[in-house]
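Quick note: the coordinates plus some simple rules give every number you see, no bench work behind them. Everything quoted here is computed from the prediction, not taken from an experiment. FYI the Cβ positions are ideal-geometry reconstructions off the backbone, even for glycines, and counts take in every protein chain you see.
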Amino acid sequence: MPLTLLVCQNPTHIECYNCLSSHSVVATRCYDENLLVQMGLLEDIRWLFAWSGMEHFIERKDHTYRDFTLQFLSTLHVKVTSGAQCQEGYISFYLLGQFYEFNFSVFSEIFGFPPSLDVTLRAVPRPFNPNAFWLEITGSSNYNTSSCKCIQIRNPCLRVAQRIMATGIFARDNTVSVPQLFELYFLSCMLHGERLDPGSF
């Protein structure tokens, strides 16, 4: 069903939809459980996600439809707030002409993320040192997005976890073999048992 029949009252939404529809939609890459079982990695990978409070996310395998995805992306609006006295941010969008709005707590609950109010970490903290952590997991102290590759990560479970995050939580399509700062921070939390709030990233 074309978007013009659903949210035609907003020309900006229609323009975004038409722009996005000219691109291919790539389904989220799900990991192969059977292969990971054969390699003896599945339980360790599940433990990593559970240790940081993301056990529900790793179990989800929800599929999507092209037009629903385009409707969601072309009408998506996210309001991020910060500060002790600020109200919680929200996310809003249209699907099939119906308007939806959720605060981040509800949004996180839908996707199985930890509730925002139960964790304190909602962004990569400044004290996090990507060079030190890169040294810990690769043996190389120089983290550089132009040269670092996930193949350098020595533990295979961490390599798979990085790929799951790159194609799942962060929905990256290109250069997924290059670990980004957010992904390194998530891996660090997994190893050190620090709870995460992925819905806020």
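For residue 81 and residue 38, a Förster radius of 41 Å and the Cβ-Cβ distance give a FRET efficiency of 0.35, rounded to the nearest 0.05.
The calculated FRET efficiency for residue 20 paired with residue 146, based on their beta-carbon distance and R0 = 35 Å, is about 0.75.
In plain terms, the residue of 51, 134 with the fewest other Cβ atoms within 10 Å comes first and the most crowded comes last, giving 51, 134. When 75, 81 are arranged by Cβ crowding within 10 Å, least crowded first, meaning fewest neighbours, the order is 81, 75. By the beta-carbon count within 10 Å of each Cβ, the least crowded to most crowded order of 136, 15, fewest first, is 15, 136.
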